[in-house]
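Values in this text are rule-based calculations from the coordinates and carry no lab data. In this text the structure is predicted, and so the values were computed from the model without any measurement. FYI the Cβ positions are ideal-geometry reconstructions off the backbone, even for glycines, and counts take in every protein chain you see.
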Amino acid sequence: MTLAFALAFALSFIGIQYAQAQHVMTINNNSDVELESSPEDDEVLESAPKELMMRFSTYVRLVKLTMTDPEEQFVNIGFIYNPDVSRVFFLDLPELEQKDYYTVEWAAIDPENLVARGTFRFSFGPGAAPASTLLPEEEELLPVIVPDYRLIDQGF
């Protein structure tokens, strides 16, 4: 009787681990989802946009939508997650202050449960320039070489 109990107890842990593994979602940036937006990436508008429009190449579940200014301060755009899938999303924007540019960052889950993500930037107003001309150039990092200490005579 004790052996049967121990076996049932051990098998119950296997079942629990299996059940947990069924609900783990792997984040994968290899999604083929494409985005068309308004405003478009790097677009310069005459005045502040009244809304965002995002049209995806397939049905997705939009899980993240944020907007930041050049100082990376968040702008409250009122995005609330909705589990319904769609190809087109509209979001009314609050009145935006004139800044050098705004960055919109998004993430969506595609039909294969892969995470697609991206950003687009826009600017507006008199004297506005494309965001790409205002962004600092990224510093090119040189590869770090780490010696393999197993190959060095340690003198032990």
Quick one: dipole size for the range 35-132, taken about the Cα centre, charges +1 on Lys/Arg Cβ and -1 on Asp/Glu Cβ, in debye to the nearest 20. 360 debye
Treat the count of other C-beta atoms within 10 Å as a stand-in for reagent exposure and order K64, K99 from fewest to most. K64, K99
Short version: what are the Cα gyration tensor semi-axes of the range 35-132, square root of 5 times each eigenvalue, largest first, in whole Å? 25, 13, 12
May I ask for the net charge around R87, where only other residues with Cβ less than 12 Å from the Cβ of R87 are counted and Lys, Arg are +1 while Asp, Glu are -1? -2
Dipole magnitude of the range 41-83, debye to nearest 20 (Cβ charges: Lys/Arg +1, Asp/Glu -1, about Cα centre): 460 debye
Percent relative contact order for the range 35-132, counting Cα pairs under 8 Å at least six residues apart, stands at 36 percent
